[in-house]
């Protein structure tokens, strides 16, 4: 038995390709509109703290959207997405701190290294169906956290990696929130476009077919293993990009950011936003970024609230929060007709 | 009609020492409809699964044209031109009808990761070709009007037809049908029968496992009868119908009666 993806059945918001052809706006256009609106954030923000939250939220969009591609569309539950995030952050950060590499080189290298590590984990773990990927990624995350903590000469250990340089154009360093925003804005947009493009292609359909019915996918000639591996590597690479952005924007990284519980929370955010929906991760990233800020004084309440929220959403709207408007419309029009 | 498209030689399959298929050899000629029938537990499904690549034979060989395929995983057999349907439907319920058939044509598409990411003219041409071919397939089966519905919302009979359309979308050389009429009312079963014979008139080679005797007898050029995993008869409908072993297997008479 393969792991059932946390699937939804709300047809209206299911997937871009499943949508009716008579849609007024293409998803490309919608995406551009949302991101153009986001572009206003630095101008309307009362202070730079809000801009820094916007930066973090866009990094979280990359993380959650990539996990959603793997989990929501591909049915493969990774419990180590934060490990790839952390690996990207430390690879890019350490290369900068120890070897003086530019963040512009650190970012693609981080993506390559995390993708490569996913390849090495995925080859044994994805050959077997079922929970093996979840277990392998969980183990991978645990190992990486130990390494971030213990390789003190390299990572700074529990005190964190200090002295990370920001992105810079010559002497113009992206060292303020407002200067960093355009970069994060652009990279997150590119990742969202990449995900849309992948979903709207033959290989994206193959991924969804494998997740929906592996026997059927095999029968039409899809190599399920290779398809899952490809997307595992791609989404890990995206998490690596997010990690590189994170470390050069904060100019710091510490191990607890990339813990197993972060990985689990990312899975929760995929489900909260709407697993297997294109727009769900944006909602998930909003929650993931905003709620901890609202509960700064009640840190313990945060996990409880996320847990409770997850339960409520899964009971009341299994398709996640993005499914709520659709479900309401359906209910309403169902009554009307 | 003379070439042998599929050849099965000395095939055996044991499950925990229980014999499901025993020393079975037969062939499917290019352009024919061959049916495999037999009482429940005769080994039909096991045989079917060994040809499709779901079950590994204990011994023996399976050849497609002159290539040995019995060690290959399912997707490689599909690459070589074997398509199949499932008795208990394995469609992509959460994808649209059109997408189901486009996935069925997966092997005829070319676009890889890079062209998908770039979404340039190469990918768009690939997508258009896939969608056009899938749409043509749907039109052939009267499903074009439902192209953008979720496959899971179709009726059982429509899903059976959709699965057939998906299997044909990849332009296979050999079509394996696992009880295509199972669960269908007589009228729909007849409709499926007509589809199969029209496919065959267009040159498709078909291997069919089916319980519906009326369908098997009217469609098949050649019938293989199994009982207890062994061949008890093989021939045309008329020959098989009169065969004493077939009668006893189906009527449950003892062998020396």
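Compare B:247, B:184, B:207 in a GNM of chain B, Cα atoms joined below 10 Å, and give the one with the largest fluctuation.
B:247
In whole Å, what is the distance between the alpha-carbon centres of the stretch A:139-169 and the stretch A:190-238?
Using only Cα atoms, the two centres lie 32 Å from each other.
Find the relative contact order for the stretch A:25-259 and round it to a whole percent, using C-alpha pairs within less than 8 Å whose residues are 6+ positions apart. Numbers along the way, then the final one.
Working: 357 pairs, mean separation 92.7, N = 235.
Result for the stretch A:25-259 is 39 percent.
The stretch B:1-47: D in µm²/s via Stokes-Einstein (Kirkwood Rh, Cα pairs, 37 °C, 0.692 mPa s)?
Details: Rh = 11.9 Å.
D, rounded to a whole number, is 277 µm²/s.
I need the calculated FRET efficiency for the pair residue A:150 and residue A:128, taking r as the beta carbon distance and R₀ as 30 Å, to the nearest 0.05.
Calculated transfer efficiency: 0.50.
Quick one: work out the % antiparallel among DSSP beta bridges in the protein assembly as shown, nearest 5. Intermediate results must be reported in sequence, preceding the final value.
On the way: 24 of 40 bridges.
DSSP beta bridges in the protein assembly as shown are roughly 60 percent antiparallel.
Averaged across the residues of B:161-168, what count of C-beta atoms belonging to other chains lies within 10 Å of each residue's C-beta?
Taking all residues of B:161-168 together, the mean is 1.
I want to verify a result. In a Gaussian network model of chain B, Cα cutoff 10 Å, which of these has the top mean-square fluctuation: B:234, B:27, B:67?
The residue with the greatest mean-square fluctuation here is B:67.
Can you list, largest first and rounded to whole Å, the semi-axes you get for the stretch A:194-262 by taking the square root of 5 times each eigenvalue of its Cα gyration tensor?
Numbers: eigenvalues 215, 36, 13 Å².
The equivalent ellipsoid of the stretch A:194-262 has semi-axes of 33, 13, 8 Å.
Relative to the longest principal Cα axis of chain B, at what angle does helix B:186-201 sit, 0 to 90 degrees, rounded to 10?
Taking the Cα atoms of chain B, the angle to B:186-201 is about 80 degrees.
Taking each residue of B:70-77 in turn, how many C-beta atoms of other protein chains fall within 10 Å of its C-beta, and what is the average? Mind dumping the intermediate values first?
Numbers: counts 0, 0, 0, 4, 10, 11, 3, 3.
Other-chain Cβ atoms within 10 Å of each residue's Cβ, averaged: 4.
For a quick check: sort B:32, A:302 by the number of other beta carbons within 10 angstrom, fewest at the front.
Details: B:32 18, A:302 15.
Listing B:32, A:302 from fewest to most nearby Cβ atoms yields A:302, B:32.
Using only Cα atoms, tell me the angle between helix A:323-336 and the longest principal axis of chain A; keep it within 0 to 90° and round to the nearest 10.
20
Take every residue in peptide B:50-58, count the Cβ atoms of other chains within 10 Å of its Cβ, and give the average of those counts. Walk me through the numbers on the way to the answer.
Details: counts 0, 0, 3, 2, 3, 0, 0, 0, 0.
For peptide B:50-58, the averaged partner shielding equals 1.
Could you work out how much longer the chain between residue B:30 and residue B:18 gets when fully extended? Use 0.36 nm per residue separation minus the Cα distance between them, nm to one decimal.
On the way: separation 12, 0.36 × 12 = 4.32 nm, distance 3.29 nm.
Extending this stretch completely gives an extra 1.0 nm.
Peptides A:282-295, A:213-226: what's the order by average Cβ count within 10 Å, highest mean first? Provide the component values of the computation, followed by the final result.
Working: A:282-295: 18.7, A:213-226: 22.6.
Highest-to-lowest ranking by the protection proxy: A:213-226, A:282-295.
Mind pulling the angle between the C-alpha long axis of helix B:156-169 and the longest principal axis of chain B? Nearest 10 degrees, somewhere in 0 to 90.
Approximately 80 degrees, to the nearest ten.
Modelled label-to-label distance, residue A:290 and residue A:98, 7 Å Cα→beta-carbon offset: nm?
Each label point lies 7 Å from its Cα, and together they span 4.1 nm.
Measure off 7 Å from each Cα along the Cα-to-Cβ vector at residue A:173 and residue B:76, then give the distance between these two points in nanometres to one decimal.
According to this spin-label approximation, the distance is 5.6 nm.
Name the most mobile residue of A:175, A:27, A:300, meaning the one with the largest mean-square fluctuation, in a Gaussian network model of chain A with Cα contacts below 10 Å.
A:300
Using only the Cα atoms of the stretch B:96-169, each taken as one equal point scatterer with no solvent, compute I(q) by the Debye sum, divide by I(0), and report log10 of the ratio at q = 0.11, 0.23, 0.24, 0.25 Å⁻¹.
-0.28, -0.92, -0.98, -1.03
Can you give the Kirkwood hydrodynamic radius of chain A from its Cα pairs, in Å with one decimal? Each step should come with its number before you reach the end.
Values: mean 1/r = 0.0491 Å⁻¹.
For chain A, the Kirkwood estimate is 20.4 Å.
Go from 0 up to the bin containing the longest alpha carbon distance in the protein assembly as shown, width 10 Å each, and give me the % of pairs per bin.
Calculated over all Cα pairs of the protein assembly as shown, the distribution is 3, 16, 23, 21, 15, 11, 7, 3, 1, 0 percent.
No lab work stands behind these numbers, since they all come straight from the coordinates. What you see is a predicted model; the values in this text were computed from it and never measured. Positions of Cβ are generated from backbone atoms using ideal geometry, with glycine treated the same way; all protein chains shown enter the neighbour counts.
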